[in-house]
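Working notes for the structure below.
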Amino acid sequence: MSGVVLGLLALQVAANPLWRPGERVVLGDYAHVRALAATPFRLYIATPGGLAIWDRTARRFDPPSSRLDGYPTAPVVVALAAPDETLWLGTAAGWARYEPSLRRWEGGLIAGGVRDLALDPNDVQAGVYLRTSREWLYLPWGAFAPVPGRRPPAGALRPLSVDDALREEPAVDAMQSLLLADETLRSYPPVAAARSPDQPELFLGTNGGGVVAVDVTMLRSERLAFGLPGSSVAAVAPASGGVWTLLDQRGGFSRRGFAQIGRELATFRWFEGRSGLPFGRGRAVVAHGGVVWGATDGGLLRLTPESADIRVLREVDGLPSGDVWALASTRFGLAVGTRRGLAVVPQGATAPEPLGTTGGDAVLALHAHGDTLWVGLERGLGIVPSDRLEVLVPPGSRDLPSLRAPIVALTSVGDTVVAATNRALYWRDPATGSWQAAASVPLSAVEQLTSDDHGVWVTGPDGVAYGSLRGEWWARLAPPGDLPGRPTGVATGTRWIWVATERGLVRFARGAIADR
């Protein structure tokens, strides 16, 4: 025994028992491809965010498989698909096998990891050949330990390297900068390759631009974008048929920009600007007036989706501060809350104007309810009424000393306005205008509020909770079992609940989260 197989551990992971297929979908960083494998029916795409699966017959993506579903936590090095659609992965820590019909993972640890894979074309179900840094091993199907010293036979099925793919297709090699270019003409280098076993099609995985399918006969390419270009989702907001997200750099390296997720996960578009975006942390995203706006610590982002153009607005453009905290779509335009006051981008305008005065207070939260703009300030609650574009203290709020603390979030449930400090919720009686403290929140702190038909979603550092203002909490979702990371916000819809986190975006089926 050579001693390469140290600490071998066989693992079997079925689909998460708490969530049936389709009830929870985790979308992470699928732009940075690590390995590809193709069959006549599927293209498997291994990425840091999980396994994306392109249904080649239906020409759409199936629900992905994330680490919460059993996808390997160690970086994927190589991939190989068997004719029966089973996927084998070699990782920096060992091997993994995926059965798509069962959505089931199993795997094992091998010291030094697995660098290459091979299958015997005459007996693909007997087992797999694994190459470590030292030698080839053979893992019989159903065995717990691989057998050393056995090499794959001649003509074995092997992964396709990028160098071999481009050497076999010199025309693709000559035109790769054009074939791999995105909407902004930015080209990403290929790092993985797979050839269609039944069509003149080559798949190239890139380091940042997702997967490109190339028709090697016609020299035409199609980008198969899926998921997000990064993992840190700062904010999420509903859009027609889907959602908009804002990505930032908290929690380590991540791409900055916007991502649009279409209806039923059928379309994905990424927007990062032509020369990068100068911010570190995002706070809010709003679609208003045919434009998508992002609140960041580096300015107000203005995205025109049709042209993919992103403009950054700062103090020189009319903002009280380039550190933007909150956004709200109102009857008079886009309200913008900054560290040093409030501004508005009037309807049809492209630049902001000052709106009232906050006495130098930071605007931490904004919410439009009817004709009134509610303002969360460092020193309490404010409103901008319909007849006066200035910030006033709302009637009734003076009677509750707790509302003189920083107001970090605002929303409304029906006719009831809800305000939050970092420790508690308060709601306004629409009949009397008086404020009351809501029941205690089952989270360590309050950071965001999102309204729903019958209640409110509360986001905190340790999860999200859904309930009524009178103390009934119907659902709670928390990392690491339900969410991949710390949540940053919620967007609600008729069928889906979307939760943004620092490690991806999660879509839940609304009916699946009741009583959880």
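Quick notes on this one:
- In this structure, L166 does satisfy being aliphatic (A, V, I, L, M), open to solvent by less than 30 Å² (accessible area, probe 1.4 Å), without any contact (Cβ under 8 Å) to a residue 40 or more places away in the chain and not in a loop (DSSP other than H, G, I, E, B).
- Residues of segment 459-491 satisfying the condition of being touching a Lys or Arg at 6+ places or on another chain (Cβ under 8 Å) and closer than 19 Å to V413 by Cα: V464, A465, Y466, A475, R476
- Condition broken by V172, with the remaining ones in (1) part of a helix (DSSP H, G or I); (2) under 22 Å from T47 (Cα atoms); (3) under 32 Å from the mean Cα position of the chain (by Cα) satisfied: (2)
- Selection of segment 12-27 for residues being assigned to a loop (DSSP other than H, G, I, E, B) and either at pLDDT 55 or above or touching a helix residue (DSSP H, G or I) at 6+ places or on another chain (Cβ under 8 Å) (or both) yields A15, N16, P17, L18, W19, R20, P21, G22, E23.
- Within segment 58-79, considering residues that are open to solvent by 10 Å² or more (accessible area, probe 1.4 Å) and assigned to a strand (DSSP E or B), the one nearest to D120 (Cα to Cα): V78
- Test set (1) open to solvent by 30 Å² or more (accessible area, probe 1.4 Å); (2) touching a strand residue (DSSP E or B) at 6+ places or on another chain (Cβ under 6 Å); (3) free of Cβ contacts under 8 Å to residues at least 40 places away in the same chain; (4) not aliphatic (A, V, I, L, M) - Q448 fails condition number: (3)
- Residue in segment 381-404 that is closer than 22 Å to G289 by Cα and assigned to a strand (DSSP E or B) present: yes
- Test for W457: is it open to solvent by 50 Å² or more (accessible area, probe 1.4 Å) and either polar (S, T, N, Q) or in a strand (DSSP E or B) (or both): no
- Every condition in (1) on the phi < 0 side of the Ramachandran plot; (2) free of Cβ contacts under 8 Å to residues at least 24 places away in the same chain holds for D84 except the one numbered (2).
- Exactly one residue out of A174, A145, A213 is of a type in the set (G, A, S) and either within 18 Å of W54 (Cβ to Cβ) or open to solvent by less than 50 Å² (accessible area, probe 1.4 Å) (or both), and it is A213.
- Those residues of segment 473-491 which are in a strand (DSSP E or B) and either more than 23 Å from S65 (Cα to Cα) or open to solvent by less than 20 Å² (accessible area, probe 1.4 Å) (or both), in sequence order: W473, W474, A475, L477, P487, T488, G489, V490, A491
- Only one of R470, R423, R428 that is under 24 Å from R510 (Cα atoms), of a type outside the set (D, E) and open to solvent by 50 Å² or more (accessible area, probe 1.4 Å): R470
- Each residue in segment 189-216 was checked for being over 22 Å from E306 (Cα atoms) and either at pLDDT below 95 or not in a strand (DSSP E or B) (or both), and 8 pass.
- Filter pass, L319 being closer than 24 Å to V417 by Cβ and either touching a Phe, Trp or Tyr at 6+ places or on another chain (Cβ under 8 Å) or not charged (D, E, K, R) (or both): no
The values are calculated or read from the model by the stated rules, or taken from the named source; none is laboratory data. Not measured: the values here are computed from a predicted model. Here the Cβ is made from the backbone with ideal geometry for all residues, glycine too, and neighbour counts use every protein chain on show. What goes into the accessible areas is simple: the full protein's heavy atoms, side chains included, and nothing from ligands, DNA or RNA. Shrake-Rupley method; radii C 1.70, N 1.55, O 1.52, S 1.80 Å.
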